[in-house]
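The next block holds one structure in the form of structure tokens; read it before the comments.
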Amino acid sequence: MGGKTTLKMKSFLDEILTEFHRKEWLHTDPLGLVVEWATPEDQEVVAILSAVLAYGNVKQIRKSIQGVLNVIGRLDETPASIIRKLGNLTNDAPHSQSLVPERLEVGLKEYKHRFNRGVDVFLLLTLIGKSTREYGSVGAHFLSPHLGNASLPLERRWNLFIQEWKKGVKELPQDQRTFGYFLTAPEDGSSCKRWCMLLRWMIRKDQVDLGLWRKESGLLAQNSIEVRESELFMPLDTHTGRISQYLGITTKKSLNWRTTLEVTEFFRSVDPDDPVKYDFALSRLGILDLCQKRFKTEICGECKLLSVCHFAAGELKKEERKRRTRALPKKP
Ligand code: SF4
């Protein structure tokens, strides 16, 4: 896209941003369940859990996240307290503490979220616990200098972190058949929407995003590496992927890592310092059914993106052609 087009697009995207990038819309997103927790420690655990479960319908996602939180609550634990009791059973652990993993496994036995099962959630919480014990938090692990210094690109840091978690989970005794669906990294080639989104929540900070993996949150270590907003990747899901196609940002039909890079590159040309700031707002168009999979005059006519929407322009042309054909005099 040329500079002029990008500039034109920016002004329309900024309108969407003003309307939808607001905390008032958090109740329509998994992130809304994260901000209900007061401490950064609890928020970090709930954010990771919410992000990895964020596939499928948003109502079901929120229900599934709440389902795990209910199980934790019934054990009189908080997300931050329970992860510290997993995978660290020493002989001198208090008896009541040593029962927690067993009771959690039982509590999650019947749990299911589409492709994932309760045992996957148990493994995830165990890995979060392991990182927290070893580094102080998952953020401190992800941003640890042992993975690479500040010049290591985010993409490679992320690959290395997921490799370490994959290695860590192999050391655990539970059945791991479906767990892998939780851990995605660029080297797998998928669009990695859920982890792109988690990184957005953790690195950006404003009325929507948490900024938990920033120095001021108190979760990181003295020597944690800093990741800037400019390094983030656009989370591409069914909504943002489709809207990116409608706006002509990508012509790719399949959502994979290459599409993520292409779409991120476009948003970098719109705002080099903060390319993913439009994600939450654009997702609202899909989640709130404000952009459907077809051209609807009553909806598209009101849409702030209408004049830059290639899909709508194509549909309007088709309508116009049909109207002209109908207006032609019938052959005798
Ligand atoms: S004009 Fe219609 S199809 Fe295009 S982005 Fe807006 S609502 Fe979606």
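Number of residues in the range 145-162 that are over 18 Å from E229 (Cα atoms) and not in a helix (DSSP H, G or I): the value is 1. Total residues in the range 163-190 satisfying the condition of being in a loop (DSSP other than H, G, I, E, B) and of a type outside the set (A, V, I, L, M, F, W, C): the figure is 9. All of (1) β-branched (V, I, T); (2) at pLDDT below 95; (3) under 23 Å from G56 (Cβ atoms) hold for I128 with one exception: (2).
Name the single residue, out of those in the range 290-332 being modelled with pLDDT of 90 or more and of a type in the set (G, A, S), that is nearest to the ligand (Cβ to nearest atom). The qualifying residue nearest to the ligand (Cβ to nearest atom) is A312.
Pairs linking a residue in the range 213-229 that is among the acidic types (D, E) to a residue that is in a loop (DSSP other than H, G, I, E, B), with Cβ atoms under 7 Å and 6 or more positions apart or on different chains, are E226/A150; E229/R204; E229/D273; E229/D274. Taking S11 as the residue in question, decide whether it is in a helix (DSSP H, G or I), free of Cβ contacts under 8 Å to residues at least 40 places away in the same chain and within 20 Å of G129 (Cα to Cα). For S11, the condition - in a helix (DSSP H, G or I), free of Cβ contacts under 8 Å to residues at least 40 places away in the same chain and within 20 Å of G129 (Cα to Cα) - is not met.
Of all the residues in the range 218-245, those that are within 15 Å of P272 (Cβ to Cβ) and in contact with a helix residue (DSSP H, G or I) (Cβ under 7 Å, 6 or more places away or on another chain) number 5.
Evaluation of M234 against the conditions (1) surrounded by fewer than 20 Cβ atoms within 10 Å (Cβ to Cβ); (2) assigned to a loop (DSSP other than H, G, I, E, B); (3) not charged (D, E, K, R) shows that the sole unmet condition is (1).
Picking from residues in the range 269-289 that are surrounded by fewer than 16 Cβ atoms within 10 Å (Cβ to Cβ) and within 12 Å of the ligand (Cβ to nearest atom), the one that is nearest to the chain's Cα centre (by Cα) is L288.
Checking every residue in the range 78-92 against the condition of being under 20 Å from the mean Cα position of the chain (by Cα) and touching a residue at least 60 places away in the same chain (Cβ under 8 Å) gives zero matches. Taking the range 191-224 as the range and being acidic (D, E) and part of a helix (DSSP H, G or I) as the test, only E216 passes. The set of residues from the range 158-180 being under 21 Å from S137 (Cα atoms), surrounded by 14 or more Cβ atoms within 10 Å (Cβ to Cβ) and not hydrophobic (A, V, I, L, M, F, W, C) comprises N159, Q163, E164, K166, G168. Take the conditions (1) modelled with pLDDT of 95 or more; (2) assigned to a loop (DSSP other than H, G, I, E, B); S283 misses just one of them, which is (2).
Pick from the range 244-266 the residues that are crowded, with 21+ Cβ neighbours inside 10 Å and away from the ligand (no atom under 16 Å from the Cβ): which of them is farthest from K10 (Cα to Cα)? Of everything passing the filter in the range 244-266, L255 is farthest from K10 (Cα to Cα).
The values are calculated or read from the model by the stated rules, or taken from the named source; none is laboratory data. Note that the structure is a prediction, hence the values are computed from the model and not measured. A quick note on method: Cβ atoms are made from the backbone with ideal geometry, for glycine too, and the neighbour counts reach across all protein chains shown.
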